[in-house]
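To keep things clear, I will list the structure first and then write my remarks on it.
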């Protein structure tokens, strides 16, 4: 375990740092949330289910006459959340993504990329935990 006070390594079962005597926390998380979830194979980031997950990203475009609105969702999701987010982002882009000059180019790209990212998840089992 790494002491947060002096950055020295101690035994995993130690309650205090052997170098500075500072109390050690039982769990110390290092790195970002993305790094933590990238190492996980179970546990959905959206619903918290312990069902098997896959790392996906879906994009959405809403075209307006002189502007456009963009959103995306990215992370490790269970089959239920993948299906929900795919439908929501893709159908919104399909029906509302064409209403500006820039969106005429971007909307087809988002639709195709969402489909390409969804296809590998089709065989996932839908498990409830």
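Read-outs throughout are calculated quantities, based only on the coordinates presented, and are distinct from any laboratory measurement. Bear in mind that the values here come from a model prediction, so they are computed numbers and not experimental data. Ideal geometry is used to build each Cβ from the backbone, glycine not excepted, and the neighbour counts take in all protein chains shown.
Length gained on full extension, residue 69 to residue 6, computed as 0.36 nm times the residue gap minus the Cα-Cα distance: 18.0 nm. Modelled spin-label separation between residue 20 and residue 55, with each label point placed 7 Å from Cα along the Cα-to-Cβ direction: 3.3 nm. Convex hull volume of the Cα atoms of segment 40-121, normalised per residue: 71 Å³.
The residue 83 and residue 105 beta-carbon pair, evaluated with R₀ = 30 Å, returns a calculated FRET efficiency of approximately 0.65.
What the Cβ-Cβ distance of residue 112 and residue 92 gives, at R0 = 25 Å and to the nearest 0.05, is a FRET efficiency of 0.95.
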